[in-house]
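Take a look at the structure below.
The values are calculated or read from the model by the stated rules, or taken from the named source; none is laboratory data. As the structure is a computational prediction, the values presented were derived from the model and not from experiment. Quick reminder, even Gly has a Cβ in these numbers, built from the backbone with ideal geometry, and neighbours come from all protein chains shown.
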Amino acid sequence: MHMIRLSVFTAGLLLSIAAQAATTEPWQLPIAVKKLDNGLTVVVSEDHSSPTVGISMVYHVGMRLEPQNRTGFAHLFEHLMFEGTPTAPKGTFERVIQGGGGIFNGSTRADFTNYIASAPVAALEPILWVEADRMKTLDFSEKNLANQQNVVKEEIRVNVKNQPYGLFYWTDLDALAFDKWANSHDGYGSFKDLDHANVADVKAFHDTFYQPANAVLGIAGDVTPEQAFTLAQKYFGGIASRALPARPDVAEPLNTKGRMQQQTDPLAKAPALAVGWKMPARDSKDQIPMMVLSQLLVGDDASRFFQGLVKGREQVLSIEGGVNYPLGTDIDYAGPTQLVLFTLYKSNATPDQVLASINQEIAKVAADGVDDITLRRIKTKLLSDWYGGLESFLSRADTLAKLQTMWGDAEVANQLPGWIEAVSADDLKRVARTYLTDANRSVIVRRPVAAAAAKVAANSPNTTR
Amino acid sequence: MTIMKKPKLLVLALGLCLTGLAHASTAPLPKDLPAYGPDKAVPVPQVAQRTLSNGLTVWVVPRDGLPKVDVTLAVLGGTAADDPSTPALSSVMAGLLNEGTASLNAKQIAESLQAMGGNYEANAKPDAIVISASALSAYTAELLHLMADTTLHPSFPAQEVALHKANSLQALKVREGNPSWQAQRAIDRATFDTHPYARNSLTEASIAAVTPEAMRALHAAHFRPERSLLVIIGRMSAKDAFRIAEQQFGAWKAEGKALAEAPQAPREAMPQRLLVTREGSVQTNIRYGRPSLSASDPDFVPLNVANTILGGGFTSRLTQDIREDKGYSYSPFSMLNANRVGGSSFARVDVRNEVTGATLTELNKLYESMASQAPSDEELVGAKRLAAGIYLLRNQIQGSLAQTLANYWVQGLPPTFFSNYVTEINQVNADQVQAMGRKYFSPKDQSIILVGDPKAIEAQLKPFGEFKPFKP
């Protein structure tokens, strides 16, 4: 009896929201870009609402470009960037930043490595100094290398070897889906390769990739572009640029035959499934439509997969994922990536049934596209999340530096809302039909197994291609 | 330093990064390093405050810039108020708030949120149910309407309750595989013993007790305006925010009797040695700690500074020794978990099996050093500057500010605690830090919890006492 009043009210709420959508005024960031003579690009977004700054130094090198017998090296190298230089010995970096009231971190991805910090603006100059100092050279020390080999292996134990599911939906799914070593290898690295890394490798990697012409410095917050450019020139301007190696072609076509793998997991207590489809390239006309489709399918609790599989068919406990999941977003990749799903399925369902349900949801979009109200909702959600991701000065600086690095244009941050707005229902049909096919799909089923039995199973992976 | 970093982590990272200085180098800094610039004044966000006629406290912080609004509703009474026979039952109730109301079903709620660019999260914490949501600020009225509808008029539909029950049972199984969860359960037990703070996660018995009627009764017992705080931060005027808050929450009335406050948690506990067996573990998850204090305790601020120096961040004694010198662990840290009626203080260190004993030796030394070794000037000044810096960084982010304000309120701290925070931190001296070391960090008072494979580590444990198997 509630139903009639209820649906009228709902329609009312949704319509009033849909009608208002156009009134959300666009939020544009001020963006100033300058390239120094040595090739370092500096991107600045001024905002005096807090007396703090966010800083991101992005180097255009990541796991794809690490040496072939050195899996995990780009990440190990990232750790060594925090371990001191001849002028600022080990320990200096954290003393300067935390002593200035700031926080810092670094992360390694397929296409870039970023070094981020955020602090009260009084610490800006010293932070730029230590950042420039480690661009020049490092303390190429055996002792520091051995220390960080241990630390990185602990990181891999925490996140992979001692963890249920062990990120199989990243490393194992990439290994299954991709054919070129650059895209398929384990970017966290084998312990064997990590142990073999030596000081000469560290020096060669720094010499090759860690230099001004291969870097973008992003600064957001309580600073003017003029001040920031002057400081960048002062601390980085004297660093010599060197020739960069040619970028290898890492592109891969979509797959033409589905791939499937069965795994066992001695630490997990419930079965899981990972699904991946190879995605359009960064500069493809399909990239932004795919971003919208991903939101429609797996973006939130209103998504088709959540409503269709967690609710509806009640086959899975959870389903999460997206383009470039779990290490990135729809727009911060440059080489091949996947739309990834990670789902824990329930005892009342089989992997085949879950895959069939996923395909039914995809088929609906491929056949019918999506209605206007739903499309409006999804675009609003994407816009809101995009703005939210630019809120903190740290993520603002980092996003701008990454866009400048991979798209060659930090202004993409202001253009993206318009690109999302331009996506049509026909675009969604097209990208669903092109990319989300069985032929282009890789699947891993991972089932719990008792620890004792796991040792036997580990020696006989069962892969079909 | 990390491969796994989720976008939302920043807010968390700011929370966790609380920090200090160490055994670290005291060498002079590089001669060419420029000095810090002059410190700017630390702005304190101005919170407009009002109490509605039904007793609901409403705090508003208008902002310019980002076209979004963040809202947090905190309702006193969390898992500590749950019946001992059904631990954390209120977490199921919180999880069902957005699964149906008198006027909307779950799908309509999800779609309405999506249409305003919204996020919504409801959690049962030890002392409160906390609901946080955000949306584009153009939809401030709609967001507050949805907040009010889901928190004041949830209908707990039978079908959603049944699905939630089935999924919760499966989730119990899943979490058993997670070593951090296993470790936390054991340290909470060792710390809080029979106090309700130890009963913060669901059991099969709790799930069996879930019915729509039980959820409705629990909801009525928890949700009372005079025991709730609504925080609204974003691009709108205080006047509009108060007007909408009055429209949406003004008619809210309490039913029945208010929940009793939880009793004070223990400040001391007999130190325990517990081993949680996890076959096939390649690491030991070490938790090393004891009960400490409530947030309103006079020691709270000095203990924060002391904890920052001990194990709060990268320059801390723990990180510099266990990670940067020994290479035993990726992310060792210590934390202070201060709640409304008590709290705990503990280190979290995950290490490879072979160095389990060696790490415990280091922890004993490092904890002892907090009493025997006064903080250096650099440690003390660094910890204070970092606290001020994190205060600024956290306040820059709307959602993070809303949750900070709500957390302080739930912890029983007055609004002046937030406005005076940096001043108070700056008054802490080295003697106080050492006194905190003696009072809270003495190795003899710490329980040691290990999650791991006994076969791989037992031989290393002899010097640290007899470890008993943990019984859930």
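Annotations for the structure displayed:
- Any hit, the range A:86-100, residues being surrounded by fewer than 24 Cβ atoms within 10 Å (Cβ to Cβ), closer than 26 Å to B:Pro28 by Cα, over 21 Å from the mean Cα position of the chain (by Cα) and more than 8 Å from chain B (Cβ to nearest Cβ): yes
- Qualifying residue in the range B:281-297 (condition: more than 9 Å from chain A (Cβ to nearest Cβ), assigned to a strand (DSSP E or B) and more than 20 Å from the chain's Cα centre (by Cα)): yes
- The single condition among (1) modelled with pLDDT of 50 or more; (2) in contact with a strand residue (DSSP E or B) (Cβ under 9 Å, 6 or more places away or on another chain) that A:Thr10 does not satisfy is (1).
- Among the criteria (1) in a loop (DSSP other than H, G, I, E, B); (2) without any contact (Cβ under 8 Å) to a residue 60 or more places away in the chain, the one B:Val428 does not fulfil is (2).
- On inspection, A:Leu400 does not qualify as within 14 Å of chain B (Cβ to nearest Cβ), crowded, with 19+ Cβ neighbours inside 10 Å and touching a strand residue (DSSP E or B) at 6+ places or on another chain (Cβ under 9 Å).
- Positions within the range A:101-123 being in contact with a strand residue (DSSP E or B) (Cβ under 6 Å, 6 or more places away or on another chain) and more than 7 Å from chain B (Cβ to nearest Cβ), in sequence order: A:Phe104, A:Phe112, A:Thr113, A:Asn114, A:Tyr115, A:Ile116, A:Ala117
- In the range A:104-117 there is at least one residue that is assigned to a strand (DSSP E or B) and aliphatic (A, V, I, L, M).
- Qualifying residue in the range B:385-395 (condition: surrounded by 19 or more Cβ atoms within 10 Å (Cβ to Cβ) and without any contact (Cβ under 8 Å) to a residue 60 or more places away in the chain): yes
- Filtered by the rule that a residue be under 22 Å from B:Val351 (Cα atoms) and more than 11 Å from chain A (Cβ to nearest Cβ), the range B:164-188 gives B:Gln182, B:Ala183, B:Gln184, B:Arg185, B:Ala186, B:Ile187, B:Asp188.
A quick yes/no check of all residues on (1) part of a loop (DSSP other than H, G, I, E, B); (2) more than 14 Å from every other protein chain (Cβ to nearest Cβ); (3) more than 18 Å from A:Thr41 (Cα to Cα):
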| position | (1), (2), (3) |
| --- | --- |
| A:Leu128 | no, no, no |
| A:Met135 | no, yes, no |
| A:Lys143 | no, no, yes |
| A:Asn150 | no, no, yes |
| A:Asn159 | no, no, yes |
| A:Tyr165 | yes, no, yes |
| A:His206 | no, yes, yes |
| A:Ala232 | no, no, no |
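- Test: residue in the range B:114-136 that is part of a helix (DSSP H, G or I), in contact with an Asp or Glu (Cβ under 7 Å, 6 or more places away or on another chain) and buried (at least 24 other Cβ atoms within 10 Å of the Cβ): yes
- Residues (under 16 Å from A:Trp407 (Cα atoms) and buried (at least 20 other Cβ atoms within 10 Å of the Cβ)) located in the range A:33-49: A:Leu40, A:Thr41, A:Val42, A:Val43
- If you check B:Ala74, B:Ala27 for being farther than 30 Å from A:Phe104 by Cα and not acidic (Asp, Glu), only one passes: B:Ala74.
- All positions within the range B:252-294 that are within 22 Å of B:Met335 (Cβ to Cβ) and β-branched (Val, Ile, Thr): B:Val276, B:Thr284, B:Ile286
- Scanning the range A:372-394 for residues that are among the polar types (S, T, N, Q) and either surrounded by fewer than 21 Cβ atoms within 10 Å (Cβ to Cβ) or at pLDDT below 95 (or both) yields one hit, A:Thr374.
- Here the range B:317-328 is the region considered, the condition is being in contact with a strand residue (DSSP E or B) (Cβ under 8 Å, 6 or more places away or on another chain) and under 29 Å from B:Arg267 (Cβ atoms), and the residue that is farthest from the other protein chains (Cβ to nearest Cβ) is B:Leu318.
- Considering A:Tyr169, A:Tyr188, the condition of being within 29 Å of A:Ala270 (Cβ to Cβ) and at the interface with chain B (Cβ under 7 Å from one of its Cβ atoms) is satisfied by A:Tyr188 alone.
- Number of positions in the range B:96-113 that are within 7 Å of chain A (Cβ to nearest Cβ), crowded, with 21+ Cβ neighbours inside 10 Å and not in a helix (DSSP H, G or I): 1
- Pair list, Cβ under 8 Å, 6 or more apart: the range A:215-239 residue farther than 15 Å from A:Met57 by Cα and basic (Lys, Arg), other residue surrounded by fewer than 20 Cβ atoms within 10 Å (Cβ to Cβ) and modelled with pLDDT of 95 or more: none
- Within this structure, A:Thr52 passes the test of being crowded, with 20+ Cβ neighbours inside 10 Å, within 7 Å of another protein chain (Cβ to nearest Cβ), among the polar types (S, T, N, Q) and touching a Leu at 6+ places or on another chain (Cβ under 7 Å).
- Odd one out for A:Ile358, checked against (1) in contact (Cβ under 8 Å) with a residue 24 or more places away in the chain; (2) assigned to a helix (DSSP H, G or I); (3) within 12 Å of chain B (Cβ to nearest Cβ): (3)
- When the residues of the range A:172-200 are filtered to those that are buried (at least 19 other Cβ atoms within 10 Å of the Cβ) and not hydrophobic (A, V, I, L, M, F, W, C), the one that is farthest from A:Glu66 (Cα to Cα) is A:Asp172.
- Count of residues meeting criterion [of a type in the set (A, V, I, L, M, F, W, C) and free of Cβ contacts under 8 Å to residues at least 12 places away in the same chain] in the range A:285-317: 1
- Comparison of B:Val92, B:Val75 shows that the only residue that is in a helix (DSSP H, G or I) and of a type in the set (A, V, I, L, M, F, W, C) is B:Val92.
- Filter result (out of contact with any Asp or Glu (no Cβ under 6 Å at 6 or more places or on another chain), aliphatic (A, V, I, L, M) and either surrounded by 22 or more Cβ atoms within 10 Å (Cβ to Cβ) or outside the structural domain of A:Glu154 (by TED's automatic domain parsing) (or both)) within the range A:62-74: A:Met63
- Residues being assigned by TED's automatic domain parsing to the domain that holds A:Trp170, farther than 30 Å from A:Gly187 by Cα, modelled with pLDDT of 95 or more and assigned to a loop (DSSP other than H, G, I, E, B) are represented in the range A:50-61 by at least one member.
- Per the listing A:Phe77, A:Phe82, the residue uniquely assigned to a loop (DSSP other than H, G, I, E, B), modelled with pLDDT of 95 or more, crowded, with 20+ Cβ neighbours inside 10 Å and among the aromatic types (Phe, Trp, Tyr) is A:Phe82.
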